[in-house]
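Participant: Right, I'll just put the structure down here and ask away after.
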Amino acid sequence: MERDKVIVRTSIIGIFANVFLASFKAIVGVLSSSIAIVLDAVNNLSDVMSSLITIIGTKLAKKRPDKNHPYGYGRIENLSTTLIAVIVLYAGVTALVESIKKIVHPAVPDYSAAALIIVASAVVVKILLGTYVKKTGIKVKSDSLIASGSDALLDSVISASTLLAAFIYILFDIRTEAWLGAVIALVIIKSGLGMLGDSLSNIIGKRISSDLSKEIKQTVCSFPEVQGAYDLVLHNYGPDSLIGSVHIEVPDTLTVAELDKLEHRITEKVLTEHRVILAGISVYAANTENDRAAQMYSEIRRIVMSHEYLLQIHGFYLDEEHKTIHFDIIIDFAAPDINEIYQHILNEIQELYPDHNVSITLDTDVSD
């Protein structure tokens, strides 16, 4: 089944389940004067809105690319997740305000056996629903579904808490309703902030997963001509829509025709195995017929990697004809002054080889 159909179907199941639960909880909450149960019902209604946003976002994200948006509309799903997070936050703040009101002006709850059975049933339903939605979200790589599933599992904890408050009141005649409502509200707010942080991180552009990065580089290096893969950059334009580039190190004896064939083979294999489009493959030439180059690289590598915060050196090439030495380095983001370290390394190598022109490219630590 297509990804968008799975997401829509799962969201519709969530809508019906939450409308059903919200209706019963609202009735029970009003009849028993339980603010916690009423807030639980309101939270279920916010889940309905979340499912509707997920459906709309999924449909919009499937729009075909056009002239103004050549990479498609996949990133709309990130906006959907952001809206869901805002709704959860709003529900949490509203719940906190109402709970504070009830703390100041408490009402006497009146629980019935039917009310407790309904709430207990809701706990079971929410656990099943949340597990199903979250697993489906992980399977189809939908952040919106994952967020909705996580929220539903949190709801099951909230509903269980209302049961606890009811039993405490029945057994000990202690009113914990309003205070529990405040705790529930804070939990909802915390959950909303977490969702919002994750969605905004995706919109800003976060680091690609270490596993995916290593797998793609391993695939690229599976070709015998490739001696190394570096500077993998991937841009996320929605689920299953990753476009990027990579640098490969190959012998300096390869012809342009051989490089062209190699790049096509790499692109096809990465697309087939990882569903990632490599829109650009740049080349580092490796010295193959220069023994001095190997000795110089060994010495330079020792000096460069002796510096704190140095992560990598690659792309080394010695051009004897023009007396130039070139290589790239990657410095950890944690370094207090990246430019200072770079300049220090440049000066060191230039002093070591004063008769050569030393050129160092400072790469960004974009992938593992």
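Participant: Given the options 201, 306, 282, which has the most mean-square fluctuation in a GNM of the chain, springs set between C-alpha atoms less than 10 angstrom apart?
Facilitator: Greatest mean-square fluctuation among the candidates belongs to 306.
Participant: In deg cm²/dmol, rounded to 500, what helix-only [θ] at 222 nm does the chain give when every DSSP H run of at least 4 residues adds -39500 (n - 2.57) and the total is split over its residues?
Facilitator: Numbers: 10 runs with 231 residues, N = 368.
Taken over the chain, the calculation gives -22000 deg cm²/dmol.
Participant: Could you tell me the convex hull volume per residue, in Å³, taken over the Cα atoms of the stretch 3-204? All intermediate terms of the calculation are to be shown ahead of the outcome.
Facilitator: On the way: hull volume 20.0 nm³, N = 202.
Dividing the Cα hull volume of the stretch 3-204 by its residues yields 99 Å³.
Participant: I've got another one for you. Compute, for the chain, the length of the dipole vector about the Cα centre, with Cβ point charges of +1 (Lys, Arg) and -1 (Asp, Glu) only. Units Debye, rounded to 20. Write out the running numbers ahead of the final one.
Facilitator: Values: 31 positive and 43 negative charges, 537 e Å.
I would put it at about 2580 debye.
Participant: Just want the ordering: 62, 101, 134, from fewest to most Cβ atoms lying within 10 Å of their own Cβ. Don't skip to the end; give the middle numbers.
Facilitator: On the way: 62 17, 101 13, 134 20.
Arranged by neighbour count, lowest to highest, 62, 101, 134 become 101, 62, 134.
Participant: Let me ask something else about it. Provide Rg and Dmax in Å for the stretch 287-368, with only Cα atoms included in the calculation.
Facilitator: Cα only, the stretch 287-368: 12.7, 39 Å (Rg, Dmax).
Participant: Can you list residues whose amide H is under 5 Å from residue 74's amide H, if they're 5+ apart or on another chain and H is modeled 1.01 Å from N?
Facilitator: Amide H neighbours of residue 74: none.
Participant: Given Cα pairs under 8 Å that are at least 6 residues apart, what percent is the relative contact order of the chain? Walk me through the intermediate numbers first.
Facilitator: Numbers: 566 pairs, mean separation 50.1, N = 368.
Reported relative contact order: 14 percent.
Participant: Please report the net charge: other residues with Cβ closer than 13 Å to the Cβ of residue 129, K and R +1, D and E -1. Walk me through the numbers on the way to the answer.
Facilitator: Details: positive: 126, 134, 135; negative: 47, 151, 155.
Here the charged neighbours net out to 0.
Participant: Under the rule of at least 5 residues apart or a separate chain, name every residue whose amide H is placed under 5 Å from the amide H of residue 324.
Facilitator: Those qualifying (amide H under 5 Å, at least 5 residues apart or on another chain) are 319, 357.
Participant: In Å and whole numbers, how far do the C-alpha atoms of the chain stretch along each principal axis, longest first?
Facilitator: Projected onto the principal axes, the Cα atoms of the chain cover 92, 44, 34 Å.
Participant: Hey, another quick one. Dipole size in debye (nearest 20) for the stretch 3-204 around its Cα centre, Lys and Arg Cβ +1, Asp and Glu Cβ -1?
Facilitator: Values: 19 positive and 13 negative charges, 199 e Å.
So the dipole magnitude of the stretch 3-204 works out to roughly 960 debye.
Participant: Something else now. Within 10 Å of each residue's Cβ, count the other Cβ atoms and sort 142, 191 from fewest upward. Write out the running numbers ahead of the final one.
Facilitator: Values: 142 28, 191 21.
Neighbour counts put them in this order, fewest first: 191, 142.
Participant: Loop-only chymotrypsin sites (Phe, Trp or Tyr not before Pro) in the stretch 53-99, please: DSSP not H, G, I, E or B, and at most 13 other Cβ atoms within 10 Å. The partial results should precede the final answer.
Facilitator: Values: sites: 71, 73, 90; in loops: 71, 73.
Answer by residue number: 71.
Participant: Rank the residues 47, 365 as a footprinting-exposure proxy: fewest other Cβ atoms within 10 Å of their Cβ go first. Mind showing how you got there, number by number?
Facilitator: Working: 47 28, 365 16.
Exposure proxy ranking, most exposed first: 365, 47.
Participant: Let me ask something else about it. Under a 5 Å amide H to amide H cut-off, with H placed in plane at 1.01 Å, what residues pair with residue 361 once short-range neighbours are removed?
Facilitator: Those lying under 5 Å, H to H, from residue 361 are 327, 328, 329.
Participant: Considering the options 296, 278, 238, tell which one lies farthest towards the positive end of the dipole of the stretch 222-343, charges being +1 on Lys and Arg and -1 on Asp and Glu at the Cβ, about the Cα centre.
Facilitator: 238
Each value in this text was obtained by applying a stated rule to the coordinates, not by laboratory testing. Just so we're clear, the structure is a prediction, and the values are computed from it rather than from any experiment. Note: ideal-geometry Cβ built from the backbone for every residue, glycine included; neighbour counts use all protein chains shown.
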